[in-house]
Number of protein chains: 2
Amino acid sequence: MSTEQDTSAESIEARHQAKMIKTKAAVDARIAAADTDCGVLLVITGPGKAKSSSAFGMVARSLGHGMKVGVVQFIKGATPTGEERFYRRFPDEVEYHVTGEGFTWETQNRARDIERAEAGWNIARGLLQREDVGLVVLDELNIVLAKEYLNTASVLADIAARPSMQHVVVTGRGAPPELIDLAHTVSEVKVVKHAFKQGIRAQAGLEY
Amino acid sequence: MSTEQDTSAESIEARHQAKMIKTKAAVDARIAAADTDCGVLLVITGPGKAKSSSAFGMVARSLGHGMKVGVVQFIKGATPTGEERFYRRFPDEVEYHVTGEGFTWETQNRARDIERAEAGWNIARGLLQREDVGLVVLDELNIVLAKEYLNTASVLADIAARPSMQHVVVTGRGAPPELIDLAHTVSEVKVVKHAFKQGIRAQAGLEY
C-alpha cells in the first residue's frame with residue numbers, strides 16, 4: 001500500500017470536498033452558537049491606514065440595508081473630504097457633522113480644540129439617543145479621548161445608554177482601555193508599509 | 001528658580017502652542033518631502049475586521065471626488081450585501097461585479113471555485129486597462145491568491161500594467177509576499193476582540 005496521494009483531478013477534487021464538508025460543519029456550529037442580535041460597539045484603532053475608511057464603508061453597508069446613519073467627525077474639518085462630499089448627497093439618509101477644525105498642530109489652540117470637541121459631543125449625544133438612527137460613526141473620537149479633550153467616563157456612559165439595536169463605530173489611534181473594555185469588536189490596524197514614506201503624498205479617493 | 005511648571009490656563013495654552021508650532025514644522029517638512037502623485041496599490045490584510053469595509057469607504061471617497069470606480073468581489077456572492085445594494089444605485093459611477101459564489105466550505109467544489117476566480121480576473125483585467133476608472137477594488141483577492149486559484153505572477157503583471165494614476169485596493173487575509181512587495185501601502189488588521197466570540201452574530205450594516 002502506497003502512502004502517496006492520488007494526484008488525479010478527480011482525487012484532488014474529492015479530497016477538497018471532504019475537507020470542505022468538515023470545515024462547513026465546524027463553521028456552521030460556530031454560527032449557530034452566535035445567535036444574538038444587538039447594537040454593536042466597534043472600535044478601529046492603531047497607526048495603520050484603514051480606520052476611517054472602514055467606518056465609511058459601513059455607512060454604505062448600512063444605507064444598503066435601508067438604515068439611517070449619523071456621522072460626527074472630530075479633529076478633521078480643515079479640508080473637505082471625498083466621503084463628506086459624497087454622503088452629503090443623501091441628506092434624508094445621512095446626518096453628516098464635521099465638528100473639528102484640523103489637526104492639533106494646525107489649530108495650535110488647545111482651548112479652542114476642547115470647545116470644538118465638546119460641541120461635537122453634544123451632536124453625538126443627540127444621535128446616540130435616536131431610535132431611528134441605526135449606525136453612528138464617531139470618526140477620530142479616540143484622538144479626542146486620548147488627549148483628554150472630553151471626559152472618557154461620560155462619553156462611555158452616553159454610548160452605553162444608546163438604543164439597544166444601534167451600532168456605533170469609533171475610529172482613531174490610541175483608543176483608551178476603558179473604551180476597548182466596553183466594545184464588542186476591536187481591530188488594531190498596523191502599518192506594514194506606507195506610500196507616504198516613499199515620497200507619495202496623500203491621494204484623493206484613498207486618503208481623503 | 002523653581003523647576004515647577006506654571007499651571008495657569010494661559011501658561012498651559014502657551015506651552016501647547018509652542019509644542020504645536022514645532023510639530024507643525026516637522027509635519028510640514030515631511031509633507032513637502034512627499035510630492036509625488038501616482039496610482040497607489042493598497043493592500044489590506046490580516047485576520048481583523050476593517051478590510052473590505054475600508055475598501056468600500058474608499059469607494060465613497062473616490063465618488064466624492066468625481067472618480068469612476070470598478071469593484072470586483074471574489075469569493076463572496078452567496079448572499080447579497082449592503083455595499084452591493086447601495087453602490088448599485090450609481091451605475092454610471094460604479095461598475096459592480098460579484099464573481100464569487102460563497103466561501104470555499106459552502107461551494108465545496110474546487111474546480112468551480114477556480115473557474116469563478118478566472119472569470120472574476122477577466123473582469124478585473126478589463127478594469128485595470130481603463131483610463132477612465134480611477135479606483136479598482138479587488139475584494140478578497142488575497143484569498144484567491146493564497147489558495148492558488150489564480151497565478152500570482154500574472155495577476156501582479158496585470159496590476160502593474162494599469163494606468164499610472166489608477167488606484168487599486170486589494171483586500172483579504174493572507175496577502176502573498178510578492179503582492180506586499182509590489183504594494184505602496186500595506187495595512188495588517190489584527191483582532192483585539194470580536195463580537196462573534198461573545199455570541200453576537202454578523203450584523204447587517206456592519207458585517208455585510
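Points worth noting:
- Check on residue A:92, more than 10 Å from chain B (Cβ to nearest Cβ), closer than 30 Å to residue B:111 by Cα and part of a loop (DSSP other than H, G, I, E, B): no
- Condition check for residue B:125: among the basic types (Lys, Arg) and without any contact (Cβ under 8 Å) to a residue 12 or more places away in the chain: no
- Candidate set from the stretch A:118-132 (those that are buried (at least 22 other Cβ atoms within 10 Å of the Cβ) and either touching a Lys or Arg at 6+ places or on another chain (Cβ under 9 Å) or of a type in the set (Asp, Glu) (or both)); member that is farthest from residue A:76 (Cα to Cα): A:128
- Close Cβ contacts (under 8 Å, 6 or more residues apart or on different chains) running from residues in the stretch B:5-28 that are under 10 Å from residue A:110 (Cα atoms) and of a type in the set (A, V, I, L, M, F, W, C) to residues that are assigned to a helix (DSSP H, G or I) and open to solvent by less than 50 Å² (accessible area, probe 1.4 Å) comprise B:20/A:104; B:20/A:107.
- If only residues of the stretch B:60-87 that are crowded, with 24+ Cβ neighbours inside 10 Å and more than 7 Å from chain A (Cβ to nearest Cβ) are counted, the one that is farthest from the chain's Cα centre (by Cα) is B:75.
- Considering (1) closer than 22 Å to residue A:200 by Cβ; (2) in contact (Cβ under 8 Å) with a residue 60 or more places away in the chain, the lone condition that residue B:158 does not fulfil carries the number (2).
- The lone criterion from (1) over 26 Å from residue B:65 (Cα atoms); (2) crowded, with 21+ Cβ neighbours inside 10 Å; (3) in contact with a helix residue (DSSP H, G or I) (Cβ under 9 Å, 6 or more places away or on another chain); (4) within 14 Å of another protein chain (Cβ to nearest Cβ) left unmet by residue B:144 is number (4).
- Selection count, the stretch A:164-196, where residues are free of Cβ contacts under 8 Å to residues at least 12 places away in the same chain and either touching a helix residue (DSSP H, G or I) at 6+ places or on another chain (Cβ under 8 Å) or facing chain B (nearest Cβ under 8 Å) (or both): 3
- The residues in the stretch A:66-89 that are in a loop (DSSP other than H, G, I, E, B) and without any contact (Cβ under 8 Å) to a residue 60 or more places away in the chain can be counted, and the count is 6.
- Residues that are part of a loop (DSSP other than H, G, I, E, B), modelled with pLDDT of 90 or more and either more than 30 Å from residue A:146 (Cβ to Cβ) or open to solvent by 60 Å² or more (accessible area, probe 1.4 Å) (or both), drawn from the stretch A:11-55: A:37, A:47
- All positions within the stretch B:172-202 that are acidic (Asp, Glu) and surrounded by 15 or more Cβ atoms within 10 Å (Cβ to Cβ): B:188
- Residue match in the stretch B:142-164 (condition: at positive phi, among the acidic types (Asp, Glu) and under 17 Å from the mean Cα position of the chain (by Cα)): no
- Only one of B:161, B:111 that is surrounded by fewer than 16 Cβ atoms within 10 Å (Cβ to Cβ) and away from every other protein chain (no Cβ under 14 Å): B:161
- Only one entry in B:99, B:104 is surrounded by 16 or more Cβ atoms within 10 Å (Cβ to Cβ) and either away from chain A (no Cβ under 11 Å) or within 19 Å of the chain's Cα centre (by Cα) (or both), namely B:99.
- Of all residues in the stretch A:95-119, those satisfying the criterion of being part of a helix (DSSP H, G or I) and either of a type in the set (Gly, Ala, Ser) or closer than 24 Å to residue A:203 by Cβ (or both) are A:104, A:105, A:106, A:111, A:117, A:119.
- Pairs, first more than 7 Å from every other protein chain (Cβ to nearest Cβ) and over 14 Å from residue A:197 (Cα atoms) in the stretch B:33-53, second surrounded by fewer than 16 Cβ atoms within 10 Å (Cβ to Cβ) and among the polar types (S, T, N, Q), C-beta under 9 Å, six or more apart: B:39/B:164
The values are calculated or read from the model by the stated rules, or taken from the named source; none is laboratory data. All of these numbers come straight from a predicted model, not from anything done at the bench. With ideal geometry, Cβ positions are generated from the backbone for all residues, glycine too; neighbour counts draw on all protein chains shown. To get the accessible areas, we keep the full protein, side chains included, count just its heavy atoms, and leave off ligands, DNA and RNA. Shrake-Rupley method; radii C 1.70, N 1.55, O 1.52, S 1.80 Å.
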